[in-house]
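Undergrad: To start, I am sharing the structure in question, which I have written as structure tokens.
The values are calculated or read from the model by the stated rules, or taken from the named source; none is laboratory data. No experiment lies behind these values; they were computed from the predicted model shown. Neighbour counts are summed over all protein chains in view; Cβ atoms, including those assigned to glycine, are modelled from backbone coordinates with ideal geometry.
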Amino acid sequence: MDEISLEMGEWVLDHARRAGASAAEVIMLSAESLSAGVRLGEVEKLKSSRERRLGVRIFTGQSAATASTAELERGSLERFIADAVELARLTAPDPYAGLPDPELHPRSLPDLDLADHNHRIIPAEQALAMAREAESVALKFDSRIKNSEGSGFDSGVYELIFMNSQGFSGSYTGTSFSLSAVVIAEADGAMQRDYWYSANRHFDKLETPEAIGRRAAERTLRRLGGRKIKTTAAPVVFDPEMAAGLIRTLAGAASGTALYKRASFLLDKLGHQVTSANVTIIDDGTIPGLLGSRPFDGEGLPTRRKALVEKGRLANYLLDCYSARKLGLAPTGNASRGLGESPGVAPHNLYLEPGPYSPEQIIGSVRHGLYVTELIGFGVNSVTGDYSRGASGLWIENGELSYPVEEITIAGNLKDMYMAIEMVGSDLVWRSSVASPTLKISDMTIAGS
Amino acid sequence: MANELVQPDRFFLNRFGLTERAFERTLGTALERKADYADLYFEFRSAEALTLEESIVNKTAKSISQGVGVRVCAEDRTGYAYSDEVTVDRMRLAAETARAIADQRGHTPGAVQVGTRVPGHELYPIQVSPTEIPIREKVRLLEEIDREARAVDPRIKMVIASFAAEDKVVMVVNSDGRIAADRQPLCRLNVSVIAEDGGNRQTGTFGGGGRVEWGFFLEDERWRQYAREAARQALINLEAVDAPAGEMVVVLGPGWPGVLLHEAVGHGLEGDFNRKKTSAFSGRVGQRVASELCTVVDDGTIPGRRGSINIDDEGTPTRRNVLIENGILRGYLQDRLNARLMKVEPTGNGRRESFAHIPMPRMTNTFMLAGDCTREEIIRSVQRGLYAVNFGGGQVDITSGKFVFSASEAYLIEDGHVTRPVKGATLIGNGPEVLTRVSMVGNDLELDAGVGTCGKNGQSVPVGVGMPTIKVDALTVGGTRAA
């Protein structure tokens with residue numbers, strides 16, 4: 001058994017150097033998980049997994065290549081390293097390639113409460129019981145809940161070790177737990193499906209099975225009898241889950257990789273107003289216990305707090321070292337990393353700061369408009385900002401949620417949509433690594449019949 | 001490695017020192033309780049990717065992955081465990097974990113005798129895998145593509161070209177004693193460009209591939225067509241005006257717009273959803289779900305296609321399955337579990353992303369058969385509508401039946417003529433309804449160029465789509481300009 005370790009990392013870096021690498025990084029990941037599913041009260045699925053992988057980035061001068069493998073025996077690793085060095089030699093030299101400025105590596109790493117010390121992999125019996133309870137609550141909630149796609153409980157433990165040839169080395173261990181339920185309601189021959197979930201690094205902080213089941217049932221029931229509406233222009237209120245999608249898209253457009261390729265509608269907008277003035281968006285990888293927290297990024301830089309948007313003004317791009325050099329800026333500690341890939345850019349914990357309005361006040365401010373609770377499809381063009389997605393939700397009449405709507409689209413351009421964020425809710429809750437309160441956009445095109 | 005791969009089943013025996021007796025023992029462990037079925041899935045995958053940005057190939061990557069998954073099925077329950085360490089000990093541990101779903105009382109009768117080889121098709125007899133072509137040659141081609149795309153027009157400012165190839169060997173050994181193995185090469189060449197005119201920046205993307213040799217991209221200078229096509233789309237989009245909003249006649253061009261079928265009907269006809277009665281198509285076999293002009297098939301046996309496989313990931317040979325015949329729903333796509341529970345034959349559609357995943361019913365190449373109208377006739381018949389010829393991805397809610405797909409190149413039709421290009425827009429419809437509104441079907445069936453990837457429950461698999469030109473009498477177009 002070849003477990004990942006600092007020694008293995010040293011060995012890899014040493015062999016890379018001997019094989020001709022001028023600089024190198026190694027990432028090692030070890031993960032275990034158990035995923036349990038029930039459907040209609042019966043066990044449907046138990047899935048257990050265990051993996052260890054190792055990835056390298058090898059530099060030969062200004063040329064770089066990446067590689068990953070699951071064969072961790074020394075003999076296989078030796079061949080793997082030699083192949084990666086050879087691949088780097090065949091790659092074009094790029095003046096912007098290279099490890100970070102060594103000064104930027106942190107001297108010490110913060111404890112970010114990434115792992116639950118009392119719970120690891122939750123045993124199958126307990127996992128199944130929790131999933132069963134969540135589903136059962138949903139099925140009993142209302143006689144119109146007739147079927148289920150199932151309920152699941154997942155738990156996982158992972159360890160990551162990252163080292164580079166200029167002396168940085170860091171590691172962290174994390175846990176994750178999640179519980180979800182998806183149920184189906186039926187009325188007048190038409191079916192609707194919806195879900196709810198909770199995910200956390202700490203088992204005890206998950207929402208209860210009872211809460212998940214009830215919420216899944218409520219969300220599904222409120223879709224029954226959905227109708228199409230006539231094509232119109234109206235205000236659109238995004239529920240927190242949908243609003244989170246809007247800020248994730250903004251972070252994508254503000255990422256260095258999109259910007260140096262000129263593939264962003266936020267090109268040349270640094271320092272300019274890009275949203276209405278009531279919007280501040282923060283990225284922070286150092287908030288203890290959150291799903292997106294980590295002590296260092298994919299290149300070994302600190303994951304510090306930074307404002308992406310400050311009172312409407314684009315305050316920072318999100319940058320890894322490569323895109324930062326390309327754009328003549330300093331890296332922001334936002335390198336994301338797949339094991340076998342060059343670094344990309346991603347936010348850690350991204351959120352829109354809460355505003356003064358309750359969701360009820362926001363809905364109450366709309367005479368005729370849409371409260372959107374689901375968006376489907378990929379109709380978001382991050383180069384132009386053109387936005388057109390399939391939507392369903394509830395129609396607002398005179399400030400009240402009045403009936404479900406479906407088979408409609410909402411469309412606009414993100415540049416205009418962000419500027420038209422008229423109200424920001426007070427209901428910020430961390431449910432994943434991207435969070436937003438309820439948002440109201442003053443005007444969008446809604447296409448229906 | 002090339003020689004070992006000629007006989008994919010020997011590959012695993014040699015590489016990991018396994019024997020048929022070891023398979024029998026592992027399956028025996030898996031079946032120690034009362035189960036219906038068990039299988040072992042072995043996979044070895046080597047992959048590479050090269051990317052050109054700003055005229056240099058500055059990103060290269062290689063990866064190797066391998067593992068074994070053990071599955072035990074009992075009634076509608078599935079136990080699954082996998083490991084990326086392929087040893088007899090790990091397989092036994094996985095089998096012990098996977099059998100936890102089976103009833104502790106009772107056991108599965110009979111010992112497993114492994115040995116029957118399942119013959120598959122020969123859909124991609126490849127001599128040299130694209131992963132074995134020298135890197136320099138691939139770098140040169142990506143550089144040529146960059147020059148070609150930039151030469152189309154000075155407004156082409158950014159070119160990103162990438163080549164990705166994988167060589168995968170799979171083997172399934174099941175409790176019926178069968179061994180099925182396959183070598184599944186796959187590659188893809190992609191070009192995406194940005195055209196700039198003043199502050200107006202637009203993208204164009206094109207690519208292709210399949211289970212083909214490197215020579216495929218050189219044949220008829222396909223690489224050059226990809227570069228020109230990506231540039232053409234970006235330049236067209238520079239001229240695009242706001243897309244209309246509302247319900248209208250939509251003419252879909254041939255080929256990739258077949259993503260309509262994938263979203264509107266394909267997912268809804270997957271056996272798992274229909275067994276559980278969670279699909280808008282549940283219980284509708286024998287009923288009319290499309291106009292009589294529509295015949296839709298899913299065919300995993302088309303030589304060299306991205307969506308084709310000799311055997312599925314449960315070892316069942318693939319086949320051509322008629323889903324909708326002259327408008328009548330004929331059947332669903334099945335894996336073994338759902339076929340057994342629905343008391344039908346598996347259809348060769350049991351697929352999984354990798355050894356880390358449980359198989360489920362998935363599409364292969366899904367397309368509509370040709371009709372007899374010409375494209376000109378179809379367009380001429382439309383007074384006012386949308387002509388959409390290129391699409392990005394789509395998505396469906398199989399329970400409500402609502403689906404979307406997003407146009408990336410579209411035009412207005414005015415008085416029977418294709419006029420101005422319009423910006424991309426999402427089209428939304430209802431799966432069980434949309435094909436009943438198909439009033440004309442063209443004679444120009446095309447399959448897509450080989451870039452499709454389908455996602456379901458977090459698993460991605462390569463697929464193909466295809467369609468002739470069709471006319472849909474009413475579909476909601478999600479533009480910004482009120483009609």
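Undergrad: Can you confirm whether residue A:131 is within 14 Å of chain B (Cβ to nearest Cβ), touching a residue at least 60 places away in the same chain (Cβ under 8 Å), more than 30 Å from residue A:11 (Cα to Cα) and surrounded by 15 or more Cβ atoms within 10 Å (Cβ to Cβ)?
TA: Against the criterion (within 14 Å of chain B (Cβ to nearest Cβ), touching a residue at least 60 places away in the same chain (Cβ under 8 Å), more than 30 Å from residue A:11 (Cα to Cα) and surrounded by 15 or more Cβ atoms within 10 Å (Cβ to Cβ)), residue A:131 qualifies.
Undergrad: Being more than 14 Å from residue B:237 (Cβ to Cβ), among the small types (Gly, Ala, Ser) and either part of a strand (DSSP E or B) or not assigned by TED's automatic domain parsing to the domain that holds residue B:412 (or both) is the filter here, so list the residues in the range B:381-397 that pass it.
TA: Hits for the range B:381-397 are B:385, B:393, B:394.
Undergrad: Regarding the range A:285-298, can at least one residue be identified that is outside any strand (DSSP E or B), over 27 Å from residue A:113 (Cα atoms) and either assigned by TED's automatic domain parsing to the domain that holds residue A:338 or in contact with a Leu (Cβ under 8 Å, 6 or more places away or on another chain) (or both)?
TA: Checked the range A:285-298: no residue is outside any strand (DSSP E or B), over 27 Å from residue A:113 (Cα atoms) and either assigned by TED's automatic domain parsing to the domain that holds residue A:338 or in contact with a Leu (Cβ under 8 Å, 6 or more places away or on another chain) (or both).
Undergrad: Looking only at residues that are at the interface with chain A (Cβ under 7 Å from one of its Cβ atoms) and of a type in the set (A, V, I, L, M) in the range B:53-70, which one is nearest to residue A:35 (Cα to Cα)?
TA: The extreme case among them is B:64.
Undergrad: Only one residue in A:12, A:85, A:38 is β-branched (Val, Ile, Thr), part of a strand (DSSP E or B), out of contact with any Pro (no Cβ under 8 Å at 6 or more places or on another chain) and not assigned by TED's automatic domain parsing to the domain that holds residue A:135, so which one is that?
TA: A:38
Undergrad: Within the range A:418-449, how many residues turn out to be buried (at least 23 other Cβ atoms within 10 Å of the Cβ) and within 11 Å of another protein chain (Cβ to nearest Cβ)?
TA: Count: 4.
Undergrad: Looking at the range B:398-412 only, could you name the residues that are part of a strand (DSSP E or B) and farther than 13 Å from residue B:243 by Cβ?
TA: Answer for the range B:398-412, where residues must be part of a strand (DSSP E or B) and farther than 13 Å from residue B:243 by Cβ: B:402, B:403, B:404, B:405.
Undergrad: Quick check on residue B:157: is it outside any loop (DSSP other than H, G, I, E, B), within 12 Å of chain A (Cβ to nearest Cβ) and buried (at least 19 other Cβ atoms within 10 Å of the Cβ)?
TA: The answer is no for residue B:157.
Undergrad: Residue B:233: surrounded by fewer than 18 Cβ atoms within 10 Å (Cβ to Cβ) and not assigned by TED's automatic domain parsing to the domain that holds residue B:307, yes or no?
TA: In short, no.
Undergrad: Then there is this: Can we say residue B:482 is among the hydrophobic types (A, V, I, L, M, F, W, C) and either within 13 Å of chain A (Cβ to nearest Cβ) or more than 25 Å from residue B:210 (Cβ to Cβ) (or both)?
TA: It is true that residue B:482 is among the hydrophobic types (A, V, I, L, M, F, W, C) and either within 13 Å of chain A (Cβ to nearest Cβ) or more than 25 Å from residue B:210 (Cβ to Cβ) (or both).
Undergrad: May I pose another question? Would you check which residues across the range B:27-52 are farther than 30 Å from residue A:81 by Cα and either within 11 Å of chain A (Cβ to nearest Cβ) or outside any loop (DSSP other than H, G, I, E, B) (or both) and list them?
TA: Selection gives B:27, B:28, B:29, B:30, B:34, B:37, B:38, B:39, B:40.
Undergrad: Any chance you could count how many residues in the range B:320-346 are away from chain A (no Cβ under 14 Å) and closer than 17 Å to residue B:178 by Cβ?
TA: 5
Undergrad: Now, a different point. For the range B:410-437, how many residues are more than 24 Å from the chain's Cα centre (by Cα) and of a type in the set (A, V, I, L, M)?
TA: Result for the range B:410-437: 4.
Undergrad: Continuing with the same structure: I need the full set of residues from the range B:71-116 which are assigned to a loop (DSSP other than H, G, I, E, B) and at the interface with chain A (Cβ under 8 Å from one of its Cβ atoms), in order please.
TA: B:76, B:84, B:85
Undergrad: Say whether the condition of being touching a strand residue (DSSP E or B) at 6+ places or on another chain (Cβ under 6 Å), β-branched (Val, Ile, Thr), part of a loop (DSSP other than H, G, I, E, B) and more than 24 Å from residue B:443 (Cβ to Cβ) is met by at least one residue in the range B:288-301.
TA: No, every residue in the range B:288-301 fails to be touching a strand residue (DSSP E or B) at 6+ places or on another chain (Cβ under 6 Å), β-branched (Val, Ile, Thr), part of a loop (DSSP other than H, G, I, E, B) and more than 24 Å from residue B:443 (Cβ to Cβ).
Undergrad: Select from the range A:220-251 the residues that are away from chain B (no Cβ under 14 Å) and small (Gly, Ala, Ser) and write down the one among them that is surrounded by the most Cβ atoms within 10 Å (Cβ to Cβ).
TA: Restricting to residues being away from chain B (no Cβ under 14 Å) and small (Gly, Ala, Ser), the top hit is A:243.
Undergrad: Another question, then. Looking only at strands (runs of 3 or more DSSP E) that lie completely in the range A:125-244, which have at least 3 residues being farther than 27 Å from residue B:76 by Cα?
TA: Fully inside the range A:125-244 and qualifying: A:145-164, A:169-187, A:232-238.
Undergrad: Of the numbered conditions (1) touching a residue at least 60 places away in the same chain (Cβ under 8 Å); (2) at the interface with chain B (Cβ under 9 Å from one of its Cβ atoms), residue A:19 satisfies every one except a single condition; which is it?
TA: If we test residue A:19 against (1) touching a residue at least 60 places away in the same chain (Cβ under 8 Å); (2) at the interface with chain B (Cβ under 9 Å from one of its Cβ atoms), just (2) comes out false.
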